[in-house]
Amino acid sequence: PAAPQEAGGRFYPLSVANIPNSARSRTSARSSTVPTPEGLQSRRCKLLEEDNPVQAGKRQRQRYVTKVGKCQVNLGNIQDKRRFLSDIFTTIVDLKYRWFLFVFMMCYIVTWVVFGTIYFLDAWVRGDVGHQGDPEWRACIENVDSFVSALLLSVESQRTIGYGTRMVTANCTEGVILLMAQSIIGSMIDAMMVGCMFVKISRPKKRAQTLIFSKNCVISRRDEKLCLMFRVGDLRESHMVDAKIRAKLIKSRQTAEGEFIPLEQSELNLGYDTGEDRLFLVEPQIICHVINRHSPFWDMSAESLRREQFEIIIILEGIVEATGNSCLATGMTCQARTSYTEDEILWGYRFEPCMSLEKGAFHVDYSRFEMTFEVQTPAASAKELHELRELEQQEHSTLSLYWDHLLQSC
């Protein structure tokens with residue numbers, strides 16, 4: 001069932017305003033006879049809520065992906081939490097830094113305290129605590145007379161400090177076994193936590209902040225074809241290796257059978273068949289999506305663009321160029337994302353050039369990265385332009401045949 005037109009919540013890109021009236025009437029008639037569960041109804045209404053009109057009818061929407069690439073999707077009601085423990089390494093790496101540092105410190109502190117307690121209990125049970133300074137007493141653990149000294153022995157043993165004043169002797173078997181166990185467990189903790197720390201620091205998320213996208217998309221003609229274009233750039237001198245770019249269209253729709261599909265994803269062709277989606281991202285490049293009969297924007301005109309509700313997700317990924325001169329050096333994959341809504345698409349505009357030749361080298365002026373200028377572009381859809389072009393070709397061919405026939409008669 002369709003949500004009410006005026007509601008107090010946020011507006012999501014899940015509106016059924018673009019659904020044909022016949023499909024909407026079938027859905028409303030069916031909803032009056034078939035009861036909808038309250039939970040499903042509440043979730044549907046939450047997805048379809050709208051804001052009050054602001055700025056002369058301009059409605060504010062909740063993005064699926066923010067401009068900086070953060071996905072606005074919250075996962076809830078996860079029943080089986082054991083799946084996270086099965087991949088404990090990724091779980092620790094994905095923690096925020098404050099929790100990651102807390103886990104990092106607690107792993108060492110807990111093991112030191114546990115083994116220090118065991119050392120102290122062993123020394124206390126064997127009587128080493130009460131025979132301090134007795135030269136005839138064969139101690140199992142020397143110079144352990146309190147819990148603090150046992151804790152110091154635990155820290156010195158696990159961190160291989162070995163000051164020499166406290167130590168495990170060969171007079172007891174359990175002390176040797178305990179020392180071996182602590183050494184093995186300490187090595188495992190070192191390997192895991194140092195590996196997590198290295199991956200946490202070297203994750204290429206920060207590299208994506210130097211990959212920039214234009215604030216707006218533009219629609220204009222290129223090579224007599226209507227195209228949707230945006231610009232990408234890399235601010236670093238170390239370039240991305242094997243950079244690839246993809247685009248997804250997020251739009252809700254209702255099928256002919258009345259099924260409502262929220263946030264349906266469809267692919268936008270950015271040159272996958274010709275290899276143009278693979279970029280050599282040395283200078284800012286304008287990425288072009290040709291609006292043809294396979295494009296979801298085939299029927300969209302400048303007027304219908306104002307009524308559309310969709311979101312375009314741009315995904316740029318590549319390998320961070322490795323440092324050093326080794327041919328075998330490999331980098332890590334980096335991914336940058338952004339999104340464009342229908343109100344961020346400029347019809348009849350083109351990007352201004354931002355490159356020039358200065359002193360024998362190409363100069364990129366990033367102050368002109370966002371600049372656009374207006375060009376003459378028909379407001380009709382690509383489908384209408386294609387039909388008009390075919391009609392002109394037919395008229396031209398008919399006129400040519402008429403003149404050929406007239407010349408033959410003469």
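The values are calculated or read from the model by the stated rules, or taken from the named source; none is laboratory data. Computed from a predicted model, the values in this text were never measured in an experiment. Glycine gets a Cβ as well: all are built from the backbone with ideal geometry, and neighbour counts include every protein chain shown. Each accessible area value is taken on the protein alone, full model and side chains, heavy atoms only, with ligands, DNA and RNA left out. Shrake-Rupley method; radii C 1.70, N 1.55, O 1.52, S 1.80 Å.
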**OP:** Could you rank 248, 96 by how accessible they are, 1.4 Å probe, largest area first?
**Re:** 96, 248
**OP:** Pairs of Cα atoms under 8 Å, at least six residues apart: use those to get the relative contact order of the stretch 207-387, whole percent.
**Re:** 27
Original post:
Roughly how much of residue 217 is accessible, in Å² to the nearest 10, using a 1.4 Å probe?
Top reply: 0
**OP:** Determine the order of 144, 73 by accessible area, beginning with the largest, at a probe radius of 1.4 Å.
**Re:** 73, 144
Original post:
If you plug each phi of the stretch 276-286 into the Karplus form 6.51 cos²θ - 1.76 cosθ + 1.60 with θ = phi - 60°, what whole-Hz ³J(HN,Hα) values come out, in order, with x for Gly and Pro?
Top reply: 6, 7, 8, 10, 9, 7, 9, 10, x, 10, 9
Subject >> Kirkwood Rh (inverse of mean 1/r, distinct Cα pairs), the stretch 212-353, angstrom >> reply: 16.7
**OP:** Would you please give the residues with an amide H less than 5 Å from that of residue 287, counting only those at least 5 places away or on a separate chain, with H modeled from the backbone geometry?
**Re:** 230, 231, 232
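Per residue, how much accessible area does the stretch 240-349 have with a 1.4 Å probe, in Å²?
On the way: 5690 Å² over 110 residues.
Accessible surface, normalised per residue, equals 52 Å².
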Subject >> Between the stretch 362-405 and the stretch 170-186, the Cα center-to-center distance that results, in Å >> reply: 82
Original post:
Which value, in Å², gives the accessible area per residue of the stretch 128-216 when a 1.4 Å probe is used on the protein heavy atoms?
Top reply: 58
Original post:
Around residue 264, which amide H atoms from residues at least 5 apart in sequence, or from another chain, sit under 5 Å from its own amide H, with H modelled in the peptide plane?
Top reply: 251, 252, 253
Original post:
To the nearest 10 square angstrom, how much accessible area does residue 215 have with a 1.4 angstrom probe?
Top reply: 130
**OP:** Quick one: which residues, 5 or more positions from residue 297 or on another chain, have an amide H under 5 Å from its amide H? H modelled 1.01 Å from N in the peptide plane, none for Pro or chain starts.
**Re:** none
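Which entries of 205/244; 215/359; 70/215 show an alpha-carbon separation above 20 angstrom in the structure shown?
As for pairs spanning more than 20 Å Cα to Cα, those are 215/359.
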Subject >> the stretch 93-202: Rg to Rh, with Rh as the Kirkwood radius over Cα pairs >> reply: 1.09
Original post:
Counting other Cβ atoms within 10 Å of each Cβ, which GluC sites (Glu not before Pro) in the stretch 176-281 have at most 11 and sit in a DSSP loop?
Top reply: 224, 237, 257, 259
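When the solvent-accessible surface of protein heavy atoms is calculated with a 1.4 angstrom probe, in what order do 94, 122 fall, highest first?
Numbers: 94 95, 122 25 Å².
Sorted by accessible area, descending: 94, 122.
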Original post:
Taking Cα pairs under 8 Å and at least six residues apart, what relative contact order does the stretch 93-202 come out at, in percent?
Top reply: 27
Original post:
Can you give the accessible area of residue 203 in Å² (nearest 10), computed on protein heavy atoms with a 1.4 Å probe?
Top reply: 70
Subject >> Whole-Hz couplings from phi, Karplus 6.51/-1.76/1.60, listed for the stretch 109-118; x for Gly and Pro >> reply: 5, 5, 5, 4, 5, 5, 6, x, 5, 5
Subject >> ³J(HN,Hα), Karplus 6.51/-1.76/1.60, whole Hz, each residue of the stretch 225-231, x for Gly, Pro >> reply: 10, 6, 10, 9, 10, 8, 10
